[in-house]
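Participant: Encoded as structure tokens, here's the structure I'll be asking about.
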Amino acid sequence: MQRVIPKLLTWYAENYRKLPWRETKNPYFIWISEIILQQTRVDQGMQYYFDFIDKYPKINDLASAPEDDVLKTWQGLGYYARARNLHKAAKWVCDVHNGQFPTTFESILELPGVGDYTASAIASFAFNLPHAAVDGNVKRVSSRFWGIELPIDNPTFLKQTKSLLTEFIPHDQPGNFNQAMIELGATVCKPTHPDCENCPLQTECSAFLQKKTHVLPIAAAKTKVQHVRLDYFYLEHRGETLLYQRPSHGIWGGLFEFPVLQGFDGISSNDKAMVYSKLEQLFRDRDYTWTCQEFEHKLSHRLISAVFWHVKLPVSDSLSVLENYQDFFEGITLILNLLNIHEAGLTFPEKLKITNIHEINQFPLHKLLLKFVNS
Ligand code: SF4
């Protein structure tokens, strides 16, 4: 590789995309951009990056913001644990490092949500430290360049790649080297149809020389997709509805949604039909009007079929929304018990919020809820 590094760096200097986080040495800005780019492509991530640094120009602004506010700024990017970790890490920097972003690889690695790749990227881009940053792009380039015939999620593959890159990373410009490898993977050595004719590594690339660019890298084994069924209840009464905040851990942690019936996918279609007919009976008995909307939503390892029950409670009803809510869900629980369905369960919210239906959008919502709210 030694011989092609100068070509790689020249190629990068002439071809790199001028992105705002490449024009700064501010480790806080670089960190924000790296966390966002783990979730989305450059073009989509740009607006989020500007939103974050406009809203929280210093790390202590981020640390002192309410968590809901940070989740709202992150809304739409998915995998909300990253946003919560950003927030936690900002607090950590303020508490432990007095608001100064840590300057060594080891101390950056201590931040919540920061792994080897992100710590190496920040250390090399902001502080010129020789740590090889191995993201998906770099894995692809390395696998092809050195002809590493191991699945890219195999720990030995990562170890081998990291050690080869560490051996060759130039100590005078480690940041540019990392950026160049990442950029090459993103724009030239693409997953399909790599543009080998215009690649600065071509003369020593094993996959090119052995005509194996279509074989490498060896993909990670596919994770089985789990099918999940969710029934949401959007109750409307006098212009208000109910939202609850999901627990801070797990999927969509800390985000708001309507009360939901889940685990319902495990029951037989007969039982399901019975629940639905009883449910509709329940609505009729109480003079509720309702409509149903169905959505499919894909997450990395889950395929969600969601039904949104928009149930309007009578305006003349003298009970408060909250009382109606308890009554409503007691009805559903009764149905499930009567039919002896124990697999399904209602999420009974602890952090219940009654909100105006026009203000739902002010809460941090996950993409599935947004699909419904914006439909
Ligand atoms: S020569 Fe082709 S396969 Fe090899 S690194 Fe360059 S683009 Fe990728």
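Where a number appears in this text, it was derived from the coordinates with a stated rule and is not lab data. Note that the structure is predicted; figures quoted are calculated from it, not measured. A quick note on method: Cβ atoms are made from the backbone with ideal geometry, for glycine too, and the neighbour counts reach across all protein chains shown.
Participant: Viscosity 0.692 mPa s, temperature 37 °C: give me the Stokes-Einstein translational D for the range 243-315 in µm²/s, with Rh taken as the Kirkwood radius over C-alpha pairs.
Facilitator: 227
Participant: Is it possible to state the helix-based mean residue ellipticity at 222 nm for the chain, with each DSSP H run of 4+ residues giving -39500 (n - 2.57), the sum divided by total residues, to the nearest 500 deg cm²/dmol? What is it?
Facilitator: -13500 deg cm²/dmol
Participant: Would you be so kind as to identify all helices of the chain, as entire DSSP H runs, whose Cα atoms reach 27 Å or more along the helix's own axis and whose mean Kyte-Doolittle hydropathy is at least -0.5?
Facilitator: None pass (Cα extent of 27 Å or more, hydropathy at least -0.5).
Participant: Next question. Taking the convex hull of the Cα atoms, report for the range 5-209 its projected area averaged over all directions, in nm².
Facilitator: Averaged projected area of the range 5-209's Cα convex hull equals 11.3 nm².
Participant: In a Gaussian network model over the chain where Cα atoms closer than 10 Å are linked, find which of 285, 54, 68 has the largest mean-square fluctuation.
Facilitator: Judging by the Gaussian network model, the answer is 285.
Participant: Run down the aspartates and glutamates and flag those whose C-alpha is under 13 Å from the C-alpha of residue 18, throwing out any fewer than 8 positions away in its chain.
Facilitator: Those aspartates and glutamates meeting the cut-off are 43, 183.
Participant: Using a cut-off of 10 Å between beta-carbons, work out the net charge of the residues near residue 248 (Lys and Arg +1, Asp and Glu -1, residue 248 not included).
Facilitator: Neighbourhood net charge equals +1.
Participant: OK, next. Restricting things to alpha carbons, find the Rg to Rh ratio for the range 89-175 using the Kirkwood radius for Rh.
Facilitator: When Rh is taken as the Kirkwood radius, the ratio is 1.04.
Participant: Can you order the peptides 242-249, 182-189, 304-311 by their average number of other Cβ atoms within 10 Å per residue, highest first?
Facilitator: For the peptides 242-249, 182-189, 304-311, the packing ranking is 182-189, 304-311, 242-249.
Participant: Cross-link partners among lysines for residue 58, C-alpha distance below 17 Å, same-chain residues fewer than 8 apart left out?
Facilitator: 25, 88, 91
Participant: What are the lysines whose alpha-carbon lies under 27 Å from the alpha-carbon of residue 272, with same-chain residues fewer than 8 places away excluded?
Facilitator: Cα-Cα hits under 27 Å: 224, 298, 312, 367, 371.
Participant: I would also like to ask the following. Over 33 Å apart: what share of the alpha carbon pairs of the chain falls there, rounded to a whole percent?
Facilitator: 45
Participant: Can you give me the orientation-averaged projected area of the convex hull built on the Cα atoms of the range 212-276, in nm²?
Facilitator: Averaged projected area of the range 212-276's Cα convex hull equals 8.6 nm².
Participant: Could you work out the relative contact order of the chain? I mean the mean sequence separation of Cα pairs under 8 Å and 6+ apart, divided by the number of residues, in percent.
Facilitator: The normalised contact order for the chain reaches 17 percent.
Participant: Among 187, 374, 111, whose Cα lies farthest out toward the positive end of the dipole of the chain, if unit charges sit on the beta carbon of Lys, Arg (+1) and Asp, Glu (-1)?
Facilitator: 187
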